[in-house]
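The values are calculated or read from the model by the stated rules, or taken from the named source; none is laboratory data. Predicted model only: the values in this text are computed from it and were never measured. Because the Cβ atoms are built from the backbone with ideal geometry, glycine has one as well, and the counts that use them run over all protein chains shown. Accessible surface areas use protein heavy atoms only, side chains included; no ligands, DNA or RNA. Shrake-Rupley method; radii C 1.70, N 1.55, O 1.52, S 1.80 Å.
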Amino acid sequence: MAAAAWNLLHLHNGRSRLREFNVSTDTRAFQRWAEAFDRTCGRYACLTAAQLPAALTEALAAGNLPIPGAGLSLVDFDSLPPAHAGLVDSIRRAGYPTDSLHTAVPATASLVTTHDDTTELRAAALWARDLLDRNSAASIAIVVPNLADRRAQIDRIFSEILTRDVVILAKPESPYLPFRTPPPFEFSLGQPLAETAPVAAALDLLRWTLEPLQLESISTLLLSPFFAATDPDQALAAAEFDAFELRRANLLRPELSLEAMISLVRRAKRAPSLAPLLHRLKSLGAPSQSASSIEVGSQNSHAAWADHFRNLLEATGWTAATNRDSLSFQTHRRWESALDELSTLDFSGTTVTATEALRTLTRITRQAVFAPESRQTPIQILGPLEPGGTTFDALWFLSADDRNWPTPAAGSPLIPWHIQRDLGIPGSDPTRDSALAQSLTDRLAHTASEVIFSYASHAEDGERRPSPLLRALGLIDQDSPAETPHQPLPLELHEDTEPIPQLAPGTTPGGARILELQAACAFRAFAEVRLHSTEPDTRELGLDARDRGIHVHKIMQTFWEQVQSQQSLRALSTPEREAVLDECIEIAIARTASAARTPWEDAYLDVQRRRLRALLHSWLNFELTRPPFVVRQQEEKRIATIGPLTLELRADRIDDTQGGPLILDYKTGSATPSQWLTERPDAPQLPLYAVLSDDAEKLGGLAFALLRAGDDLALKGFADSPAVLDKHARMPWATLPEQLEDWHRILEALAEAFAHNDPIADPKRYPQTCQRCSQRMLCRLDLTTVTTPEDEEETVHA
């Protein structure tokens, strides 16, 4: 902001008024900054670009600046800052011929109104495609206010429409990287160098040598052709490691240091196929001797750090990867320029740390605008100021509405308002700004023989109207270009007589969840269990709902292994019970605690210990109010058969009570016995275990054990006797054996359907069942009706 204010002040000949800046805290701060900056520039004999016009004017007046004899022509300059205007006058007074020219062609200008922004973009792309179909040599300009904000959307829509019939090919020398023939359009406006794919990867790699990197950034590197994904086999291995191991790692923070990543790759199940990745990671952590001659914690010159960064990237293969195609090569060349710019900061003789040097380099790449070399495409996508001095065959001006055009001019909050008004700084005089915008609009309307202005009448921020600057142009209303409907291909029917493959003999992996998925949707069960289709896990800061649920299960298992019965629980004094509970908590979180590396993580785990202690202390008090029981078994695996399926089952806990065995399922989220009572049960785990239990004939009951904070601690389920559950829900059947018989029928039908029926997409409750389904990319239901609900803590079954 200070640099921008400095430039404005000098381009409008306001340096002499700096003493008048004693107006507000901000302006006084800028006044002090400007005076200090001026002294520094004087000390090193430096001149900023904004001061150059005044210096040249002074040199011309003194006769110290020789000038050539040819004339100077200013083409399509709507206005000049006072400093530039003064320089041009000085050139003219020095005998240098100058003149001003304005390009103008006879034009027919029209106005197109569309419903929304997307429709407007598609109309412009269709219009451009039609022009190229009629004349492949046509020159077309697409002018867009606020082009930087809409670049991604424009690129996507224009690519879709203008390259619809282009076939994806593969380079002979690199078949792994398919490419399209270049589209017939390009942006004149570049983008920050730091946002290009190669440089973003380079900055992340360098940052990783100094500090832990976010998991999302690590995943991006693992899938990037500029680091890990250098050929198909390596790309697949890195992607599988990312999806199935990295995202499921036991972490408290969604970030990893380079050393921790190297250790994780070494221990990975896919370690042999990850050897190239491990080599690159080691090269980044311990580069060649020439690069490692600089200690990361030391202070060195900017040039030394630039060489160090260059060597690091070369050791990881990043440099070789950027030579893959022309665009990457150009980006690499611009990156080298940024490193050279970093080296030039050594003029003051100061030394910096690696972190400071990288921070400076990141700032340089964010400020540097990178634009690939022009391919001279027929369609140029420009900002409003760029078509000056050029004519086109046709021009389309987008977003010519009262919200977007003219673009509001902005001054500087560091320059007093009255000084901005006196100097004529843009944004200080609406009348002057409007006149300049009108002049620019008139010029654009005569830049091509066919000119179209367009705007979208509807937007999220309300209704829009044409820009008032269009009134003087006498535009003719024109219909929006119609999009040719897709021609449907003739339907080819192929009879599918192949049955789904038979299940492999033995135990079917998935346990009770198979029937839960089948009840929800047959296609989802088929995709997740038979096709092994999964979505990558996401990590959040700290422990997620699943981690917290697993901890609760482990603590309860360990506690009852020691205490074993309600009678033993009653015999413990409060301090004894607390001591046993604390010991069980430490056992449960030991693996998580081993991953703690920072004071934040230690403090976070202390909070989790207190939370678990408070929750489970209340739960044990609730256990004392139950009818007498003895814990018979916990988390014991057993193999059982239901219909054609052989499943591995595991009950959280089985208690012996005076009314018979009670099967318990711990839940840290909401659960209710009504989830068992339909032909497609939402939670069939407990009914399945009850049906297949060795104690089925003498079973006393089954229940959810709700371990939730607050007043939600409860056992909710079915029982035949108060000696099992003093409070229990009413069953649809008169007795528990009758209920078990009905469940056996339902669960066996689900097992038969999973094994033999067609896996059709048949959600139990559409679209609610589909909201959390990870198979929505594969099924053929109308996903536009599905909205993702707000996140809520999951119910965890270990």
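When all protein chains stay in place and ligands, DNA and RNA are ignored, the 1.4 Å accessible-area order of LYS269, LYS764, LYS667, LYS727, largest first, is LYS269, LYS727, LYS764, LYS667. Note on GLN502 and GLN768: the model spin-label points, each 7 Å out from Cα along the C-beta direction, lie 4.0 nm apart. This model, with +1 at the C-beta of Lys and Arg and -1 at the C-beta of Asp and Glu, gives the stretch 621-770 a dipole about its Cα centre of some 360 debye. With the charge dipole of the stretch 1-154 set up from +1 on Lys and Arg Cβ and -1 on Asp and Glu Cβ about the Cα centre, the Cα lying farthest toward the positive end among the listed residues GLY63, PRO106, ASN146 is that of GLY63. Each of ILE589, TRP305, VAL630 was placed along the dipole of the chain (beta-carbon charges, centred on the mean Cα), and the one lying farthest toward the positive end is TRP305.
Under a model in which nothing but the beta-carbon of Lys, Arg (+1) and Asp, Glu (-1) is charged, the stretch 518-603 shows a dipole of about 360 debye around its Cα centre. For a test of the definition: using alpha carbon positions, the gyration tensor, and the 1.5 limit on a/c, classify the stretch 1-46 as rounded, prolate or oblate. Note, shape of the stretch 1-46 comes out prolate.
Within a straight-line Cα-Cα reach of under 27 Å, LYS698 can be paired with the following lysines, leaving aside sequence neighbours fewer than 8 residues apart in one chain: LYS637, LYS667, LYS716, LYS727.
By the gyration tensor of its Cα atoms, with a ≥ b ≥ c the square roots of the eigenvalues, what is the shape of the stretch 491-599: rounded for a/c under 1.5, prolate for a/b over b/c, or oblate? Prolate, since a/c reaches 1.5 and a/b exceeds b/c. Note that the chain presents 51 Å² accessible area per residue, ligands and nucleic acids not counted, probe 1.4 Å. Across the stretch 376-393, coupling constants 3J(HN,Hα) worked out from phi with the 6.51/-1.76/1.60 Karplus curve, θ = phi - 60°, read 6, 6, x, 10, 10, 9, 10, x, x, 7, 7, x, x, x, 10, 10, 10, 6 Hz, and Gly and Pro carry x. The shape of the chain can be summarised by an equivalent ellipsoid whose semi-axes, obtained from the alpha carbon gyration tensor, come to 66, 36, 27 Å from longest to shortest. Using a 1.4 Å probe on the protein heavy atoms, what percent of the accessible area of the chain belongs to carbon and sulfur? Answer for the chain: carbon and sulfur cover 53 percent of the accessible area. Considering the dipole of the chain built from charges on the beta carbon (Lys and Arg +1, Asp and Glu -1) around the Cα centre, which of LEU126, LEU264, ILE379 is farthest to its positive end? Toward the positive end, the furthest listed residue is LEU264. Does the stretch 310-382 come out rounded, prolate or oblate, given a ≥ b ≥ c as the square roots of the eigenvalues of its C-alpha gyration tensor, rounded meaning a/c under 1.5 and, failing that, prolate meaning a/b above b/c? Oblate, because a/c is 1.5 or more while a/b does not exceed b/c. Taking 7 Å steps out from each Cα toward its Cβ at LEU72 and PHE329 produces label points 3.9 nm apart.
Could you work out the local net charge near ASP78, counting Lys and Arg as +1, Asp and Glu as -1, over the other residues with Cβ closer than 13 Å to its Cβ?
-2
About its Cα centre, the dipole of the chain is roughly 1860 debye, where the only charges are +1 on Lys and Arg Cβ and -1 on Asp and Glu Cβ.
Where Lys and Arg each count +1 and Asp and Glu each count -1, what net charge lies around ASP682 among other residues with Cβ under 9 Å from its Cβ?
Computed value for this residue: +1.
Taking the longest Cα principal axis of the chain as reference, the axis of helix 117-134 is set at about 60 degrees. Calculate how many DSSP beta bridges within the chain are antiparallel, expressed in % of all such bridges and rounded to the nearest 5. Around 50 percent antiparallel, to the nearest 5.
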